[in-house]
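Q: Here you go, one structure.
No lab work stands behind these numbers, since they all come straight from the coordinates. The structure presented is a predicted model; accordingly, all values stated were derived computationally and were not measured. Cβ: placed from backbone, ideal geometry, glycine included. Neighbour counts: every protein chain shown.
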Amino acid sequence: MDEILEILEENARISIEDLARLVKKSKREVEEAIKKYEKKGIIAKYKTIINKGRLKEETPVVALIEVRVTPQKDVGFDNIAQRIYRFSEVKSCYLLSGTYDLLLVVEGKDIQTVARFVSEKLAPLSSVKGTTTHFMLKKYKEDGVIFVKEEKNKRLTITY
Amino acid sequence: MISKRVEKIPPSGIREFFDLVLSKPNIISLGVGEPDFIAPWRVRERAITALEEGFTSYTSNKGLKILRRTIASYLKKKYGLSYNPENEILITVGVSQGLDLALRTIIDPQDKVVVVSPHYVAYPALVELNLGKVVFLETTSQEGFKVNSKELHRILKKEKPKAIILNYPSNPTGVTYSKEELKKIWSVLSKEDVVVISDEIYGEIVYREPHIPLASLKGAKSKVILLNGFSKGWAMTEFRIGYACGPKKIIEGMTKIHSFNMLCAPIISQIAGDEALKCRGEVDAMVKEYRRRRDFIVKELNRIGLATVKPEGAFYCFPSLKKYKMDSLEFAKRLLLEEKVAVVPGKAFGASYQGFIRISYANSLENLKEAIIRIERFLKNCGS
């Protein structure tokens, strides 16, 4: 993977100046490369990982939902996947091998909201054969970031 | 109550400064002499399993045969070096112990030992503890902190030292040598009756050219003690595990002392070391990250007015304070108190290096960036 992407994947907010310095290219070259990646959809989105558990306010409920579906002639899983991932409640949608087909990450403000989504929107779809909903209890790590408090610095601050 | 030889060792002039740093929470420290990574997962996992399997006994004084064999084949494959694992390799408790053993084995009281400066703090102290006499060979920033062959020749002729300690890539400068440069140094050393102790602990962390062990040069093996280990390359500092390779007679002598004062290196660490040599990939990833930081910090230090020789290895650089006419200890103290950034005063690495500081970039880019902002602000205040 291009070094520019490696660095951006770790820190999307790095300045063009710093990025250019790190990859030893001109600012212009870096800007053009980024534009190209954005256009091609290689850079899909810039987002912030928020450790919502640390917020004082109520945190949304997250559920992982396994969905068994009937694939359709010619298009396989793509059409039914599309019908499902278009729901705004669905944050992520993956096709998996194994005992079920689609895995969804669904967010709602409380358990009732997620339950309603499943019973009123997802389950009634004709291609959906069945669902299993797992509510998330605790996030330890997300996108490479550890959410639970760990002692950061184990080294002495000054040594020869 | 205390022996003369111990009393004679001067207390480190910067101990007080170190205590000051250690008492301050929430500082950005560019003063750490070890990797900010942790040992590769495979190494940690192997150590845990070894403990579960009940490996809690002594090993042979020389160290586990399997580790000595792995080291031999690693050195052969990587550098073309041939050491017999039976009698030319000794597993030590880090390079520090290896160095002490080497000095004890080869020097008698009053024997002279050349130490290339700026130097790692332990070298002169260990020479003196072994009743040897230190002769400093000082390198200059003008010459990129590299050994000047003519000066080396002059000192060898004049002082007739028993041994010389080389260290490359160097702590504190990060400077290392190309094959051509090493050949030049070796052509001077080879003509004299001197044992070379080559501390190559940072040999895994090089940026431009592959590391060349001195012992791999033609004819060098019979006069060189190669010291290496896992602390820096594999981020395994607290496993305290290293090795010494050299001529059979010297290794035998070192093993004799080792068998009385250490018995053997800890078995868990030895097993972990064996595993480390099988996972080079993680070392490469760390080196890639160090290089990124090196490029950043050296360019920035030069930009803000601290002239810095570009290091080609280790994770240190050694900027000059010349422009600011400040003593390195005073500089470090004020920088710590005013901007909460810790660096090590150059004085620690030799009396002639008052005008330098050691910066360790074994720290996150984010911290390095913030440190540069603070140092730049500090320098502006100093200037006005």
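Q: Rounded to whole Å and ordered largest first, report the semi-axes of the equivalent ellipsoid of segment B:42-279 derived from its Cα gyration tensor (root of 5λ).
A: 30, 19, 16
Q: Now for a different question. I need the phi-derived Karplus couplings for segment B:75-80: 6.51 cos²θ - 1.76 cosθ + 1.60, θ = phi - 60°, integer Hz, Gly and Pro marked x.
A: 5, 5, 5, 7, 10, x
Q: Can I ask one more? If I model segment B:249-384 as equal point scatterers sitting on the Cα atoms and use the Debye formula, what is log10 I(q)/I(0) at q = 0.10, 0.16 Å⁻¹?
A: Debye intensities relative to I(0), on a log10 scale: -0.49, -0.85.
Q: Continuing with the same structure: Rounded, prolate or oblate: which one fits segment A:1-69, using the alpha carbon gyration tensor with axes a ≥ b ≥ c (rounded when a/c is under 1.5, else prolate when a/b beats b/c, else oblate)?
A: Oblate shape, in that a/c is at least 1.5 and b/c is the bigger or equal ratio.
Q: In debye, nearest 20, what is the charge dipole magnitude of segment B:274-384 about its Cα centre with +1 on Lys and Arg Cβ and -1 on Asp and Glu Cβ, if you could check?
A: For segment B:274-384, the charge dipole is close to 460 debye.
Q: Taking the 0 to 90 degree range and rounding to the nearest ten, how far is the long axis of helix B:149-159 tilted relative to the main principal axis of chain B, both from C-alpha atoms?
A: Once rounded, the angle reads 60 degrees.
Q: In whole angstrom, and with the biggest value first, how far do the Cα coordinates of the protein assembly as shown range along each principal axis?
A: Projected onto the principal axes, the Cα atoms of the protein assembly as shown cover 93, 63, 49 Å.
Q: I've got another one for you. Amide H to amide H under 5 Å from residue A:159: which residues, 5+ apart in sequence or cross-chain, H placed 1.01 Å off N in plane?
A: Residues meeting the amide H criterion: B:32, B:33.
Q: Another one. Mind ordering B:128-139, B:170-181, B:352-363 by average Cβ neighbours within 10 Å, highest first?
A: Averaged packing, sorted descending, gives the order B:352-363, B:170-181, B:128-139.
Q: Cα atoms only: what Rg and Dmax, in Å, come out for chain A?
A: When restricted to Cα atoms, chain A yields Rg and Dmax of 20.8, 68 Å.
Q: How big is segment B:1-110 by Rg and Dmax over its Cα atoms, in Å?
A: 19.9, 51
Q: Out of segment B:250-301, which chymotrypsin sites (Phe, Trp or Tyr not before Pro) are coil in DSSP terms and have no more than 15 other C-beta atoms within 10 Å?
A: none
Q: Turning to a different aspect of this structure: What list of ³J(HN,Hα) values in whole Hz, one per residue of segment B:180-190 in order, does the Karplus curve 6.51 cos²θ - 1.76 cosθ + 1.60 (θ = phi - 60°) give from phi, with Gly and Pro shown as x?
A: 3J(HN,Hα) across segment B:180-190, in whole Hz: 4, 5, 5, 4, 5, 5, 5, 5, 6, 5, 5.
Q: Hey, another quick one. Would you mind checking which residues have amide H under 5 Å from residue B:116's amide H? H placed 1.01 Å from N; only 5 or more apart, or other chain.
A: For residue B:116, the qualifying residues are B:137, B:165.
Q: Can you return the aspartates and glutamates within cross-link range of residue B:8? Criterion is Cα-Cα under 13 Å, with same-chain partners fewer than 8 residues away left out.
A: In chain and number order, the partners are B:128.
Q: With θ set to phi - 60° and the Karplus curve 6.51 cos²θ - 1.76 cosθ + 1.60, what are the ³J(HN,Hα) couplings of segment A:124-131 in order, to the nearest whole Hz, using x for Gly and Pro?
A: Result, rounded to whole Hz: x, 4, 5, 7, 7, 8, x, 9.
Q: Follow-up question, since we're still on this one. I'd like to know which of B:174, B:335, B:229 lies farthest towards the positive end of the charge dipole of chain B, counting +1 on Cβ of Lys and Arg and -1 on Cβ of Asp and Glu.
A: Farthest along the dipole direction, towards plus: B:174.
Q: If you average over every viewing direction, what projected area does the convex hull of the Cα atoms of segment A:52-142 give, in nm²? Mind showing how you got there, number by number?
A: Working: hull surface 25.6 nm².
Spelled out: convex hull of the Cα atoms, projected over all directions, averaged, 6.4 nm².
Q: Using bins 5 angstrom wide from zero, how does P(r) for segment B:210-306 break down, in % of all Cα pairs?
A: 2, 10, 14, 16, 16, 15, 11, 7, 5, 3, 0
Q: Looking at this model, which pairs from A:24/B:183; B:146/B:248; A:154/B:380; B:340/B:369 are more than 23 angstrom apart at the alpha-carbon?
A: Details: A:24/B:183 32 Å; B:146/B:248 30 Å; A:154/B:380 33 Å; B:340/B:369 14 Å.
Going by Cα-Cα distance, A:24/B:183; B:146/B:248; A:154/B:380 fall outside the 23 Å limit.
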